[in-house]
């Protein structure tokens with residue numbers, strides 16, 4: 001897709017990746033609507049991105065997540081793309097992850113992105129794009145990350161099915177499958193401590209992956225390659 005002039009909602013715009021992505025998109029000429037959880041950080045990102053709407057939302061609130069795309073479409077006069085960058089990690093043996101934590105991890109990593117993109121499917125123009133960040137944990141399913149990996153895998157499967165449904169409408173669906181990113185995300189887990197992790201990519205490299213996928217109309221992109229076409 002052509003990013004310059006595109007109307008793009010970035011959900012999760014107060015996270016490390018989401019804020020950097022929003023600034024990159026604005027820097028190459030996109031018109032951004034920003035949604036994020038941290039009011040002070042959202043105001044700073046909005047200032048750096050230039051004029052445009054912003055909205056406080058928490059991915060734990062699924063009703064609020066669902067209404068975010070409609071809000072952005074109203075504010076921007078339409079939508080060309082939506083990128084969801086929300087997420088929360090959890091670490092520990094399955095027997096030690098309580099049900100409240102498991103529900104929170106599934107809601108933030110899977111149900112909230114689904115709610116945003118499901119609503120966005122009615123607002124994004126033909127030729128536009130729906131995208132979300134998953135992660136290599138969705139494929140590798142490492143020990144000590146069962147609920148986190150399961151939530152990301154659920155989102156990845158949902159994106160694949162949605163891509164097939166929206167093909168005839170001319171709307172692309174992009175999965176951004178990121179490895180470990182050196183952002184401090186793992187250190188902010190809702191529970192547990194991250195195991196030793198291999199060196200990750202930088203936030204700037206993660207943003208490169210997302211922007212490349214958007215420009216290439218890719219199906220799935222990761223830090224090493226992009227895959228074009230449809231499934």
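The values are calculated or read from the model by the stated rules, or taken from the named source; none is laboratory data. Predicted model, so just to flag it, every value in this text is computed and none were measured. Counting neighbours? That spans all protein chains shown, and the Cβs are built from the backbone with ideal geometry, glycine included.
Looking at segment 100-145, which of its residues are at pLDDT below 95 and not in a loop (DSSP other than H, G, I, E, B)? Within segment 100-145, 125, 137, 138, 139, 140 meet the criteria. Of all residues in segment 113-162, those satisfying the criterion of being crowded, with 17+ Cβ neighbours inside 10 Å, touching a strand residue (DSSP E or B) at 6+ places or on another chain (Cβ under 8 Å), farther than 20 Å from residue 7 by Cα and in contact (Cβ under 8 Å) with a residue 24 or more places away in the chain are 134, 155, 159, 162. Residues in segment 16-29 that are surrounded by fewer than 24 Cβ atoms within 10 Å (Cβ to Cβ) and either in a helix (DSSP H, G or I) or touching a strand residue (DSSP E or B) at 6+ places or on another chain (Cβ under 6 Å) (or both): 16, 20, 23, 24, 26, 27. Residue 71 passes every criterion in (1) in a strand (DSSP E or B); (2) free of Cβ contacts under 8 Å to residues at least 40 places away in the same chain apart from (1). Condition first: within 20 Å of residue 15 (Cβ to Cβ), within 13 Å of the chain's Cα centre (by Cα) and part of a loop (DSSP other than H, G, I, E, B). Can you find one or more residues in segment 160-178 that meet it? Checked against the condition, which is being within 20 Å of residue 15 (Cβ to Cβ), within 13 Å of the chain's Cα centre (by Cα) and part of a loop (DSSP other than H, G, I, E, B), segment 160-178 yields at least one hit.
Given the criteria surrounded by 18 or more Cβ atoms within 10 Å (Cβ to Cβ), at pLDDT 95 or above, assigned to a loop (DSSP other than H, G, I, E, B) and in contact with a helix residue (DSSP H, G or I) (Cβ under 7 Å, 6 or more places away or on another chain), does residue 13 qualify? Yes; evaluated as a whole, the condition is true for this residue.
Report, by residue number, each residue of segment 38-60 that is buried (at least 18 other Cβ atoms within 10 Å of the Cβ) and within 21 Å of residue 184 (Cβ to Cβ).
Keep residues of segment 38-60 that are buried (at least 18 other Cβ atoms within 10 Å of the Cβ), which gives 42, 45-46, 49, 52, 54-55, 57, 59.
Scanning segment 38-60 gives 42, 45, 59.
If the condition is being part of a strand (DSSP E or B) and in contact (Cβ under 8 Å) with a residue 24 or more places away in the chain, then segment 46-68 contributes only 54.
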